[in-house]
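Have a look at the structure below before the remarks.
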Amino acid sequence: MSNPISSPVSPIKESSNKNVWQDKVFPFLGKYGIVFILLAMVILMSFLSPAFLKTQNLLNIVRQISFIGIVAMGVTIVIITTGIDLSSGSVIALTSVMVASFAHPGDSLIGALALGVGIGIACGGINGIITAKGKIPPFIATLGMMTAARGLALLYSDGRPVPDLSESFMFLGKGEIAGIPFPIIVFLAIGIISHILLSKTKFGKYTYAIGGNVHAAKICGINVDRYLILIYAYAGLLSAIAGMMLTARVSVGQPSMGISFELDAIAAAVIGGTSLSGGVGTIPGTIIGALIIGVLNNSLDLLGVSSYWQQILKGAIIVSAVLIDSRKNKKA
């Protein structure tokens, strides 16, 4: 008797292969896929442009994204709580003109820096108070701050630049330590601090808890209002730090500074895997997201592509990241 015709692939083997993809491959790609995308972009550009891998160009990329990256770290923590911060760019502008007016030659550098820190914490704290205590949606609360802070910057400076900054202040944006631009050093330092805050402290655990389920967080005894205020204050602080360094970089305080920074910061966070639904996000992911934006902009510049196309591609990347996040949430 002849043997019955057997299937080329047994159901057990097919099921096993399927489980391998679902249990190992897909989670691995979901966790590290963004890193592979960045590496692929770097490798591709190394062939398309000989100037891309030059040390000076790579330093320029990181220096350029350091300002947005610092803001994006604060925005990431806010988004993890299911919030949003649209006021980052305006806080940068307000910090810029006010600090610049106290950073002339002969003025105290520490006093100017303290003023900037105070402005950032105050603006962020107000956002947090309105959101937590006033029960106003974060979108509306930070939209109001975005408009008000920009108006204050224009009013304070009379719509004019504030020049004549001291050399010590301009070091924040133009200085180097051991050949490494100072903004990059601050960017990396804040990245380490923010990562530790999110992954190793009670602040981080409560942030994820609030984003995962705010009602459950309250039942567990977490003072949600207090931590929301702290989270928004921290985001404001980082915006102010970026504003001071950016002011030092361009050597003048500008009331128009920081326009669209909030959108680039949100883009970096979302591309880096932070979920707009809350409860998911990491600082390393946001740093990778910021680097992807920086590499994309630099690559298109080297290739002579119009800045208009850069905006279109950035928008497409953001929408794609949100769609992927949405599909993940549906499966979850």
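The values are calculated or read from the model by the stated rules, or taken from the named source; none is laboratory data. All values derive from a computational prediction rather than experimental measurement. Note that we place each Cβ from the backbone using ideal geometry, even for glycine, and neighbour counts take in every protein chain shown.
Laid out as a table, the results:
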quantity	calculated
Some residue of region 154-176 being exposed (fewer than 15 other Cβ atoms within 10 Å of the Cβ) and among the β-branched types (V, I, T)	no
Residue that is farthest from K205 (Cα to Cα) [pool: residues in region 268-286 that are of a type in the set (V, I, T) and crowded, with 24+ Cβ neighbours inside 10 Å]	I271
Where A265 falls short, out of the listed (1) surrounded by fewer than 21 Cβ atoms within 10 Å (Cβ to Cβ); (2) under 15 Å from I70 (Cα atoms); (3) not charged (D, E, K, R)	(1)
Verdict on I43 being among the aliphatic types (A, V, I, L, M), in a helix (DSSP H, G or I) and farther than 20 Å from I293 by Cα	no
Matching residues, region 57-74, being surrounded by 20 or more Cβ atoms within 10 Å (Cβ to Cβ) and of a type in the set (S, T, N, Q)	S66
Residue count for region 284-318, restricted to those that are basic (K, R) and at pLDDT 90 or above	0
Qualifying residue in region 104-117 (condition: touching a Ser or Thr at 6+ places or on another chain (Cβ under 8 Å), acidic (D, E) and buried (at least 24 other Cβ atoms within 10 Å of the Cβ))	no
Flag for D85 being of a type in the set (D, E, K, R) and more than 23 Å from G279 (Cβ to Cβ)	no
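Yes or no, residue by residue, for (1) exposed (fewer than 15 other Cβ atoms within 10 Å of the Cβ); (2) more than 16 Å from the chain's Cα centre (by Cα):
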residue	(1), (2)
G179	yes, yes
F187	no, no
I190	no, no
I193	yes, no
K202	yes, yes
T207	no, yes
A217	no, yes
